[in-house]
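Have a look at the structure below, then the notes.
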Amino acid sequence: MIIDGKKIAQEILLYLKDEVQKLDTKPTIAVIIVGQNPSSKIYVNLKQKKAIELGMNSIVIEMQKDTTQKELEDKIDELNQNPEINAILVQLPLPKHLDTYKIIEKIDPIKDVDGFHPQNVGRLSIGLEPYSTSCTPKGVIRLLDAYNIDIESKNIVIIGRSNIVGKPLASMLLARNATVTVAHSKTLNIRAITQRADIVIAAVGSAHLIDSDWIKDKAVVIDVGISKSPEGKLLGDVDFESVKDKASYITPVPGGVGPMTIAMLLENTLHLYNLQKEQK
């Protein structure tokens, strides 16, 4: 069965729109983009469009490529101190002269809509509720739940150990009592490891890395990776045509995990808004 992330994301967005309409004031997300990275601009514009469709306020702050560390940190401080801003997102990647970790750490944890702040990551890793959780891993969990795919006691292999997907997803799955293996570029015999997995989650950005030989019959395959062919076609880490008849469930690229990421971002925005209201 093909897991329709676009459909599930749309259902979540419709629910969020209804919830936002009930509010006296509207949640506000501020997105900072540094430089002119074309892919980043596309993502930021899409996030803004979806936020506005839900009735949220969306502010995009464009800063020059040569913005200094202090200038960016000062802008984040300004947003932290503004009570009308509920969610802050710094679009990654940043120009190389900027210290990404210090920038993320500068964001108030209760406004950290991406769930990247060390406090939020730390709480997640020890089983406490963070203010927000990383959007793509959260989207993966929601897709599994939407299709009633059991997580508890399952043998799950994540390929990729990034701070954005692999590591937080491992924590989320462990919290749901899965047995989790995180494989990466230094892992030996990855294929032998994935062949034993009930669920394989690929998140490396290597086009068509995984074919049917990598998975066992009736495994669930979640494709988080995304890259482009020379012709500009979007490709996943999984060779969909090779794997689809062997897997019990599989996400396509595009239309699988991608739409869920933005839906989770906006769900996090509403959640942070509500948390901040409770604290007043």
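Every number in this text was worked out from the coordinates using simple rules, so none of it is lab data. Note that the structure is a prediction, hence the values are computed from the model and not measured. So basically every Cβ, Gly included, is an ideal-geometry build from the backbone, and we count neighbours across all protein chains shown.
If r is the Cβ-Cβ distance from LYS41 to ASN155 and R0 is 30 Å, what FRET efficiency results, to the nearest 0.05?
My answer for the efficiency is 0.15.
Straight distance only, please: which lysines reach the Cα of LYS186 with their own Cα at less than 29 Å, same-chain residues fewer than 8 apart left out?
LYS96, LYS102, LYS138, LYS154, LYS167, LYS216, LYS218, LYS228, LYS233, LYS244, LYS246
Would you pull out the residues with amide H under 5 Å of LEU235's amide H, same chain only if 5 or more places away, H placed 1.01 Å from N?
Correct list: SER227, LYS228, SER229.
Pick out, from PRO38, ILE103, THR28, the residue whose Cα sits farthest towards the positive end of the charge dipole of the stretch 25-110, with +1 on the Cβ of Lys and Arg and -1 on the Cβ of Asp and Glu.
Sorting the options by dipole projection puts first PRO38.
Convert 20 °C to kelvin, take the viscosity as 1.002 mPa s, use the Kirkwood radius over C-alpha pairs of the chain as Rh, and evaluate the Stokes-Einstein diffusion coefficient in µm²/s, rounded to a whole number.
110 µm²/s
Positive end of the charge dipole of the chain (Lys, Arg +1 and Asp, Glu -1 on Cβ, about the Cα centre): tell me which of TYR273, SER229, GLY166 has its Cα farthest that way.
Farthest along the dipole direction, towards plus: SER229.
Output the antiparallel fraction of DSSP beta bridges having both residues in the chain, as a percent to the nearest 5.
Of the beta bridges lying entirely in the chain, close to 5 percent run antiparallel.
Set the Förster radius R0 to 22 Å, insert the Cβ-Cβ distance between TYR101 and LYS70 as r into 1/(1 + (r/R0)^6), and round the FRET efficiency to 0.05.
E between TYR101 and LYS70, to the nearest 0.05, is 0.90.
Would you compute, from DSSP H runs of 4+ residues alone, the mean residue ellipticity of the chain at 222 nm, taking -39500 (n - 2.57) per run and dividing by the full residue count, rounded to the nearest 500?
-12500 deg cm²/dmol
Sort out the exposed loop GluC sites (Glu not before Pro) in the chain (DSSP loop, at most 15 other Cβ within 10 Å) and tell me the longest stretch that has none.
1-83
Please report the antiparallel percentage of DSSP beta bridges with both residues in the stretch 135-257, rounded to the nearest 5.
10 percent
Where nothing but the Cβ of Lys and Arg (+1) and of Asp and Glu (-1) is charged, how large is the charge dipole of the chain around its Cα centre, in debye to the nearest 20?
Charge dipole of the chain: 300 debye, to the nearest 20.
What is the Cα centroid distance between the stretch 215-266 and the stretch 152-213, reported in whole angstrom?
14 Å
In a shell of Cβ-Cβ distance under 13 Å around VAL165, excluding VAL165 itself, what net charge do Lys and Arg (+1) and Asp and Glu (-1) give?
0
Under a point-charge model restricted to the Cβ atoms of Lys and Arg (+1) and Asp and Glu (-1), what is the dipole moment magnitude of the stretch 25-110 relative to its Cα centre, in debye to the nearest 20?
Approximately 420 debye in magnitude.
With +1 on each Lys and Arg Cβ and -1 on each Asp and Glu Cβ, how big is the dipole of the stretch 135-257 about its Cα centre, in debye rounded to the nearest 20?
Dipole magnitude for the stretch 135-257 comes out near 400 debye.
Taking a cut-off of 14 Å between Cα atoms, list the aspartates and glutamates near LYS65, but don't count ones fewer than 8 places away on the same chain.
ASP99
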